[in-house]
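Computed from the coordinates by the stated procedures, all read-outs in this text should not be read as laboratory data. Since the structure is predicted, the reported quantities are computational estimates derived from the model, not experimental observations. Cβ sites come from the backbone with ideal geometry, for glycine too, and all protein chains shown count toward neighbours.
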Amino acid sequence: MTAPRTLYQKIWDAHVIHTREDGADLLWVDRHLVHEGSHHAFARLAERGLRVAEPGLTTGVADHYVPTRGTPASEAIGRMIATLRENCARHGIRFFGQRDPRQGIVHVVGPEQGLTLPGLTMVCGDSHTSTHGALGAIAFGIGATEVAHVLATQTIWQKPARSLRLTFDGALGPGITAKDMALHWIARLGSGGAQGHAVEYAGSAVRALSMEGRLTLCNLSIEGGARCGMVAPDDTTFAYLEGRSFVPDGPHWEAAREAWSDLPSDADAAFDRDVTIDAAEIEPTVTWGTSPEDALPIGATVPDPDRAATDRRDHIARALDYMGLSAGRPLSGTPIDQVFIGSCTNARIEDLREAASVLAGRVAKVPGLVSPGSALVKQVAEQEGLDRVFRDAGLTWVEAGCSMCVGMNGDIVPPGKRCASTTNRNFRGRQGPGARTHLMSPAMVAAAAVTGELTDVRFLLTGRAA
Amino acid sequence: MSGWRTHSGPAVGLDQHGIDTDQLIPARFMSTPRTEGYGRFLLHDQRFEEGRPIPGHPLNTADAEDARFLIARRDFGVGSSREAAVYALVDFGIRAVIAPSFGDIFAANAVNNALAPLRVSEAAAESLLSLTGTGATELHVDLTATHMNAGQEKIAFALDDHWRTKIINGWDDIDLTGKHQGAIAAYREADMVRRPWAVVARGA
């Protein structure tokens, strides 16, 4: 008899190669994803004359610096993409480059291509690697030195994280999405609330989410400080995976299905922490400040530093100054300058459908960019005519990449401009120096585009499928 | 990477919590080769406006030029996994960041570059911040000890034991893992039999 274990423990245990005296484990890495930012790590390998240990388990994707329109914005940006291509070619790594039909944001591409599977360990030099946990994998972001280590050894040293189960009971209301669930819990626990923890999302509202919704939820785990986020695999997971390019087929598919059915946490498995949230209480949620924890329901007012807890006052005052907001004003009705629909958080096909369902037959009052999460998402969206909806509304439909979420490719929000964004970080300067970001769901961004101000999308859904 | 055991020098304080890695180094600087030095990018958009230093920022004072320690409030280094945030601190001359808590990925990256993430209590961070608020403060940190010295004051800090050893010796994980090559090969071979489905299928 083995002791009851969590999903995280089961996967962890199956990957331990060696345990060090201090409790750190050397773990086997099943999938390693690299992008342009991995150049520091490849440079380290070159300095030491090392080869990539497992090129077959490594995939290169151009996303952070790829232009969404035409050619790279500068020579330096073009060089970043070329360097990744050269490094992948030198080491025999599969590479999805610009104009490859499989290209896209690395965290959209992994699940979409079936590189991400339940029961795997996955790493990437990007904090939003937590996304892949939606399929029931342990997936986390690492730094450049660790990327070099994984390239050289296909292993990583880690200490097991503490476990936190976030249970969303009940059902979400109309117009409420996985993005709202994520901003809700992060606001409640804080941006450091899950530090040192592996989060398992559970409960009926999580089970009811589509794969796309689960990917959004797990994507934002890092914004609550978590090492990773996970959802136990179920029929939704298996139906999503079957037939995708890199998913095992034939007898391997059957064997995998059998192995995956043992993964969910045992009924009596113990978690270090348990937090329960009533899904019905979650409202369309927007951020007002400069951290994802600065989130409130759209019906709320901008917080007043003078009425806040002592240790929050200073942060709130600084955030309001940066964001150009006054305490006590309703969030709803705040005028915006532009919108952005994209990123590894919310640029999958379902996200685009949600935004399009609000925008159909309407015209945006402000300009905006829509960047699908991958070339494949773009293709499907165009087959469905979603690109027409966005264009007819006056928004700009562009190629796939990280784009205006992080601004590395030159797609930036100008200083002082206010952007309603489906992205993951409202940090100062994240979307460009001086840019003011409000995070929200794709449907809420679409609503903001239509009215030109922060708006409760539920008022625009009457008679429409949400 | 060269390790270190003790450092003495000026500390600068940033009375902010949640200083994220996008602030530590804005993304637009990250295509720069490391050989050019990342110190000038540290907290760039807090320190500079239209290319000119903003007077009064703690990192723009004359004392900050020789700073070896940075003190801040909780959740230092949250956000992006960019190791460039650590490069910016190290290239600026910082050898230890002192705060009540750190982003997990940032802390691991720091140790891999011999930058010590030293955890102190909220109260200790506040008292250090009030010391630095009156001008540069000299700190003495000995990684083999459990306290740092700020003048007459002794302040307790926490650092994972393995991290402590790694920083002192300047160890690199690739070297440390080398001695486990046999175990890695054995795992790989057994795993191919146990989980043949986990190897990447050919793809379309």
Cα centroid distance between region B:51-91 and region A:1-79, in Å? 27
Share of Cα-Cα pairs in region A:220-259 lying beyond 14 Å, as whole percent: 58
Can you tell me, using C-alpha contacts under 8 Å and at least 6 residues apart, the relative contact order of chain B as a whole percent? 25
Please give the length that would be gained between A:Glu254 and A:Thr19 if that part of the chain were fully extended, namely 0.36 nm times their separation in residues minus their C-alpha to C-alpha distance (nm, one decimal). 81.4 nm
Which trypsin sites (Lys or Arg not before Pro) in region A:18-88 sit in a loop by DSSP (not H, G, I, E or B) and have at most 16 other Cβ atoms within 10 Å of their own Cβ? A:Arg20, A:Arg51, A:Arg69
Whole-percent pair-distance distribution, where bins are 10 Å wide, for the alpha carbons of region A:111-254: 12, 41, 33, 13, 1
Seen from all sides and averaged, what is the projected area of the convex hull of the Cα atoms in region A:330-398, in nm²? 4.7
Non-local residues with an amide H under 5 Å from the amide H of A:Phe95, with H modelled 1.01 Å from N and Pro and chain starts lacking one, are A:Gly60
In nm, to one decimal, how far is the modelled label at B:Glu49 from the one at B:Glu138, with both set 7 Å along Cα→Cβ? 3.5
Give me A:Leu164, A:Leu263 ranked fewest to most by other Cβ atoms within 10 Å of their Cβ, as a rough exposure proxy. A:Leu263, A:Leu164
Mean separation of Cα pairs under 8 Å and 6+ residues apart, divided by the residue count of region B:1-120: what relative contact order is that in percent? 32
For region A:1-121, report the translational diffusion coefficient in µm²/s to the nearest whole number, using Stokes-Einstein at 25 °C, 0.890 mPa s, and a Kirkwood Rh over Cα pairs. 149
Once amide hydrogens are built 1.01 Å from N within the peptide plane, the residues lying 5 or more places from A:Gly104 or on another chain with amide H under 5 Å from its amide H are A:Ala62, A:Ala375
A convex hull over the alpha carbons of the protein assembly as shown yields, per residue, a volume in Å³ of 148
Based on alpha-carbon atoms only, what is the radius of gyration of region A:228-364 relative to the globular estimate 2.2 N^0.38 Å? 1.52
If the viscosity is 1.306 mPa s and the temperature 10 °C, what Stokes-Einstein diffusion coefficient in µm²/s follows for region A:129-172 when Rh is the Kirkwood radius over Cα pairs? 122
Taking alpha-carbon centroids only, region B:124-187 lies from region B:1-30 a number of Å equal to 14
When every alpha-carbon pair in region A:351-466 is counted, what percent end up more than 23 Å apart? 25
Using Cα springs under 10 Å in a Gaussian network model of chain B, which residue among B:Lys179, B:Lys166, B:Lys154 shows the largest mean-square fluctuation? B:Lys179
Relative counts (whole %) of C-alpha pair distances in region B:1-141, using bins that are 10 Å wide: 12, 46, 36, 5
Once the other residues with Cβ under 10 Å from the Cβ of A:Ser291 are scored (Lys, Arg +1; Asp, Glu -1), what is the net sum? -3
Taking placed amide H atoms and a strict 5 Å upper bound, the residues 5 or more places from A:Ser163 or on another chain that come that close are A:Ala198, A:Asp272, A:Arg273
With the 8 Å Cα cutoff and a minimum separation of six or more residues, region B:62-139 has a relative contact order in percent of 34
Which three extents, in whole angstrom, do the alpha-carbon atoms of region A:295-431 cover along their principal axes, largest first? 53, 31, 23
Provide the net charge surrounding A:Arg5, with neighbours chosen by a C-beta distance below 11 Å and charges set as Lys +1, Arg +1, Asp -1, Glu -1. -3
Can you pull out the GluC sites (Glu not before Pro) in region A:11-84 whose DSSP state is coil and whose Cβ has at most 10 other Cβ atoms within 10 Å? A:Glu21
So, for the Cα atoms of region B:101-161, Rg and Dmax in Å stand at 12.2, 34
Could you pull out the GluC sites (Glu not before Pro) across region A:254-283 that fall in loop regions by DSSP (anything but H, G, I, E, B) with no more than 14 other Cβ atoms inside 10 Å? none
Could you bin all the Cα-Cα distances of region A:304-370 into 5 Å bins starting at 0 and give me the percent of pairs in each, rounded to whole numbers? 3, 13, 16, 16, 14, 13, 13, 9, 2, 0
One computes Rg over Rh for region A:1-62 from alpha-carbon atoms, with the Kirkwood Rh, and obtains 1.10
Region B:94-204: proportion of alpha-carbon pairs further apart than 25 angstrom, %: 44
Taking each pair of different alpha-carbon atoms in region A:77-187 once, compute 1/r for the pair, average those values, and report the inverse of that mean as the Kirkwood hydrodynamic radius in Å to one decimal. 16.6
Once the Cβ-Cβ distance between B:Trp4 and A:Glu382 is put in as r, and R0 is 45 Å, what FRET efficiency do you end up with, to the nearest 0.05? 0.20
Please compute, for peptide B:24-35, the average count of beta-carbon atoms on other protein chains lying within 10 Å of each residue's beta-carbon. 6
Quick one: Cα convex hull volume of region A:158-203, Å³ per residue? 78
